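The values are calculated or read from the model by the stated rules, or taken from the named source; none is laboratory data. Computed from a predicted structure; not experimentally measured. Positions of Cβ are generated from backbone atoms using ideal geometry, with glycine treated the same way; all protein chains shown enter the neighbour counts.
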Amino acid sequence: MSSLALDYQRTEHRQPTKILTGMDSGVNGFVGTWTRFHARSDSLKKEAEAIVALESEWQSLSDRNLHDRLRDLGMQMRRHSYLEKPELYQALAGIREAAFRQVALKAFPVQLMGALALHRGSLAEMATGEGKTLTAGLAAVLAGWSGKPCHILTVNDYLVSRDMEWLRPLYRFCGVTVGNITSGMSPQDRQVQYERDVVYSTAKEVLADFLRDKLRVSELWQPTRRLIRRLLKSQSGRASGIVMRGLYTVIVDEADSILIDEAVTPLIISAQKENPILHKAVTTAFRIVKNFKLGVHYTKSIKYKEIDFTDEGLTELERACKDLPGFWRGRDRRQELIRQALVAREFFHRDKQYLIDGDRVVIVDEFTGRPMPQRSWRQGLHQSIEAKEGIPLTHPTETIARLSFQRFFRMYHRISGMTGTGSESTSEFWHIYRLPVVRIPTDKPCIRTVASDRVFVDEAAKWKAVVEEIERIHQEGRPILAGARSVHASEHLAGLLRERGLEFQLLNAEKHRQEAEIIAQAGQEGRITIATNMAGRGTDIRLGKGVAQLGGLHVIATERHDSGRVDRQLFGRTARQGDPGSVQAFVSVHDDLIRRHLSKWLQNSNLGILKSKIPGNRLVSLLAFHFAQSNAQRNAFKSRKAILRMDNWLEDALSFAGNNGA
């Protein structure tokens, strides 16, 4: 490729279209239904069988001949950007044989089905343990042959490095270069890695690089302007410092987490800006709220995380501020500061929403349980939490660049993905990303046993039952994975097991570096593992010797999550590849899900039914949890729609200002 063409490609991306609304959205929904039907799994199964039927032809080739034939197919792909069905089947059959010879993995028919779905721009729903890593590799070889950049994005740096190194021999044999981008890499190293055909990374790293590239070149984002500048010799072709080479193909692993859960929060590039006035105001606010009492001076809404002052609270606030200078005398400003301090006190709790690492507040991702040391809350909230914890206050940040994940992924020309739980969000995947969800069957029948939820009046009774169940299953020799919603909950369960003298492995946001090693051993006989949310996601739990005969891995959910998908992800850790396994959830009417997402009236009614022992109370309770979870998912979807509306508003504003960038 010429240097001029490469320079154009470095900032190449698709201009995302606006999300359809009203009647257009309804018609689009019908189109999505038809597209999913057209890409249904029974059609893919027939194609996969046709590919497997070519096995003997490719097995008979020597390594040299196999390499040469794959090279020819790659050249054909590069010339035409696509392969007709006969050539596509031959290519996948050849790549399948190469994978067996290079990494000792022979793709199952279901993995070939997944690769076909990815190649055609679908989201493949594949159960845990069905080999999504190899599936992505098969499709990535095809994308790499095109000569245009292909990004494979997953949830953390460990999986980025592991998957790349695992499949590197396959890529090399097929004539495809591969690299990876992880946190801490220098711009120079990133530029080298992005030159590769296939690049593994996380969504946060690639989006951050995209935004940083825009900041580096500013008004020279358009390649024509860069060419003019270069002709004038005021800037060399690569002196602009752009590290990427455009957005073309992306394969998103754990797509539900990346495209939906994390899409609530846009990625922001910011810089610290000294603000001693804010520091003093936050410190003063926390001194004042020490005298404020819940129910006397203020009320709180758990569902919306809002604080309202009572008349007595407003009187107390005016009294406390009457001798303070400056903006403390302004009613609105002082109420805002005190309300922020109360929000930090009431709704943000240590070991749930954040951790303390030395003298730093580190945010914990509520969906994965992983720490996010590079993030901070905005509008003074981060400093308010630091003041609450009594640690040195950091300087607030100023936004330099901002982009939502929803808009960013729509900039790729070709998008596909994989997940174990896509069915619940079929409509959202289609309306936002134009991704049809295709369910890929398991290679072997799933024999997971799902026990009914056990419902308790209070948390103490629930935790007692959880410990007794763990002790009972442990005596059978079966391994146990107990899923907790927060670091605090995981530590609480650990303390209870410690009191019973039970040995266990604890995996939460404070021990995330060891998560892959811990989770990989969770299937050994007699092993007890406690994990927050989906800690260790992406690492298979393989059963130890003789464990299958005992009944396999038993998974316990100690609380239902806001999203039913997260529950299903946790349950999907057991009964993989035909192994036996069982799951059960233990819930309390005082769990966060009920307290935040069920109306007070329904909470009280449900609690009354439980206490009165009326027949059918268990069914009513389970319906209450279902209703609360539906409310939570609906509220989360509203938040994502709000981000989309902000995207549209920014697009209109930038267009009006004459900015044609992203």
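Assorted remarks:
- Meets criteria (modelled with pLDDT of 95 or more and either in contact with a strand residue (DSSP E or B) (Cβ under 9 Å, 6 or more places away or on another chain) or of a type in the set (A, V, I, L, M) (or both)) for Leu112: yes
- Positions within the range 371-382 being modelled with pLDDT of 85 or more, out of contact with any Ser or Thr (no Cβ under 7 Å at 6 or more places or on another chain) and not in a loop (DSSP other than H, G, I, E, B), in sequence order: Leu381
- Residues that are basic (Lys, Arg) and either surrounded by 12 or more Cβ atoms within 10 Å (Cβ to Cβ) or modelled with pLDDT of 90 or more (or both) within the range 280-330 comprise Lys280, Arg287, Lys290, Lys293, Lys300, Lys303, Lys305, Arg319, Arg329, listed in sequence order.
- When Val206 is tested against (1) within 21 Å of Lys444 (Cα to Cα); (2) at pLDDT 95 or above, just one condition goes unmet, and that condition is (1).
- Qualifying residue in the range 145-157 (condition: modelled with pLDDT of 95 or more, buried (at least 22 other Cβ atoms within 10 Å of the Cβ), on the phi < 0 side of the Ramachandran plot and in a loop (DSSP other than H, G, I, E, B)): yes
- Residue satisfying condition, being outside any helix (DSSP H, G or I), out of contact with any Lys or Arg (no Cβ under 6 Å at 6 or more places or on another chain) and buried (at least 16 other Cβ atoms within 10 Å of the Cβ), within set Leu105, Leu116: Leu105
- Arg345 being within 30 Å of Ala255 (Cα to Cα), within 36 Å of the chain's Cα centre (by Cα), crowded, with 18+ Cβ neighbours inside 10 Å and not acidic (Asp, Glu): no
- Looking at the range 411-481, the strands (runs of 3 or more DSSP E) lying wholly inside it that each contain 2 or more residues that are touching a residue at least 12 places away in the same chain (Cβ under 8 Å) and under 30 Å from Asn28 (Cβ atoms) sit at 414-419, 437-439.
- Here Ser183, Ser161 are screened, and the one residue that is assigned to a helix (DSSP H, G or I) and modelled with pLDDT under 95 is Ser161.
- Scope the range 59-88; condition farther than 17 Å from Gly144 by Cα and part of a helix (DSSP H, G or I); matching residues: Gln59, Asp63, Arg64, Asn65, Leu66, Lys85, Pro86
- Pick from the range 173-201, criterion β-branched (Val, Ile, Thr) and crowded, with 21+ Cβ neighbours inside 10 Å, ranking: farthest from Lys148 (Cα to Cα): Ile181
- Output for the range 29-43, where each listed residue is more than 13 Å from Arg439 (Cα to Cα) and among the aliphatic types (A, V, I, L, M): Val31
- Unique residue being part of a helix (DSSP H, G or I) and at pLDDT below 70 when the list is Asn631, Asn604, Asn635: Asn604
- The residue pairs whose first member lies in the range 67-93 and is free of Cβ contacts under 8 Å to residues at least 24 places away in the same chain, whose second member is surrounded by 15 or more Cβ atoms within 10 Å (Cβ to Cβ) and hydroxyl-bearing (Ser, Thr, Tyr), and whose beta carbons are closer than 7 Å, counting only pairs six or more residues apart or on different chains, do not exist in this structure.
- Taking the range 482-493 as the range and being surrounded by 19 or more Cβ atoms within 10 Å (Cβ to Cβ) and part of a helix (DSSP H, G or I) as the test, the residues that pass are Val487, Ala489, Ser490, Leu493.
Here's the yes/no breakdown for (1) assigned to a helix (DSSP H, G or I); (2) of a type in the set (Val, Ile, Thr); (3) surrounded by fewer than 19 Cβ atoms within 10 Å (Cβ to Cβ):
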position: Ser43; (1), (2), (3): yes, no, yes
position: Ala48; (1), (2), (3): yes, no, no
position: Ile51; (1), (2), (3): yes, yes, no
position: Gln111; (1), (2), (3): yes, no, no
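- Sole residue being under 24 Å from Ser270 (Cα atoms) and either among the aliphatic types (A, V, I, L, M) or in contact with a Gly (Cβ under 6 Å, 6 or more places away or on another chain) (or both), chosen from Ile338, Ile363, Ile302, Ile288: Ile363
- Checking Ile356 against (1) in the same structural domain as Lys204 (by TED's automatic domain parsing); (2) within 27 Å of Phe292 (Cβ to Cβ); (3) among the β-branched types (Val, Ile, Thr), the condition it does not meet: (1)
- Boolean, Asp357 is surrounded by fewer than 19 Cβ atoms within 10 Å (Cβ to Cβ) and more than 22 Å from Asn508 (Cα to Cα): no
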